[in-house]
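Each value in this text was obtained by applying a stated rule to the coordinates, not by laboratory testing. A quick note: this is a predicted structure, and the numbers were derived from the prediction, not measured. Using ideal geometry, Cβ is built from the backbone for each residue, glycine included, and neighbour counts are taken over all protein chains shown.
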Amino acid sequence: MTGLIPPGKWVVDPVRSRLGFTVRHLTFRVVNGLVPVRTGEIVLAEDGGSAQASAELDLAGVDTGNPLRDDFIRSARFFDVERFPTLTYRSLTATPAGPHWFTTGELRIAETAAPIGLRVTWGATTRDRHGDLRGRLIAVGELRRRDLGIIIGGRVGDSTAVLGTKVRLRLDVQVVRPAEGFRSEGP
């Protein structure tokens, strides 16, 4: 693992990072959306055998491509972003396994936390125009929305759930290990 991403503290570049999600709607339709990443960091141990990660995401910025649906998702009936504008993640364990890391952690919305397992794949590293080291990671996982206290819908007709119980997540993150302080390069 250390051959892919050098050890140390890495800061998430929010301009180039996002959480994608997929959930079934009315059982036959799939809704995809994005949530912006506000902040985050990854600390990889010098021996490459352990890592810690944390992130804060902006629920007020959720985007499914449908403004009416987005307004509902932000409303008090769903995420209640007026009171709880962020989703947070923190890793509890991280285990290297070949080209991947397998992590367990918790996602938190409002006062509710849910366990989540993620398979993390590190991409290549490169130096940017400032000489800072940059890397990319993709983390994928799945959770049950009820574990986060998101209970919505009911039934349509006799048996079709309005909103699927499982949410697939794909976190696409660019990280930077700056020589002197963090600076995003912009879009």
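For S50, the residues 5 or more places off, or on other chains, whose built amide H falls under 5 Å of its own are A45. Rounded to the nearest Hz, the phi-derived 3J(HN,Hα) couplings of segment 129-146 under the Karplus curve 6.51 cos²θ - 1.76 cosθ + 1.60 (θ = phi - 60°) are 5, 8, x, 6, 8, 10, x, 10, 9, 10, 10, 10, x, 9, 9, 8, 4, 5, where x marks glycine and proline. Within segment 43-95, the GluC sites (Glu not before Pro) that combine a DSSP coil assignment with at most 12 other C-beta atoms in a 10 angstrom radius are E46, E82.
Using θ = phi - 60° in the Karplus curve 6.51 cos²θ - 1.76 cosθ + 1.60, the 3J(HN,Hα) couplings for segment 166-172 round to 9, 10, 8, 10, 9, 9, 10 Hz; x is entered for Gly and Pro. Net charge of the neighbourhood of T121, taken over other residues with C-beta under 14 Å away and scored Lys/Arg +1, Asp/Glu -1, is +2.
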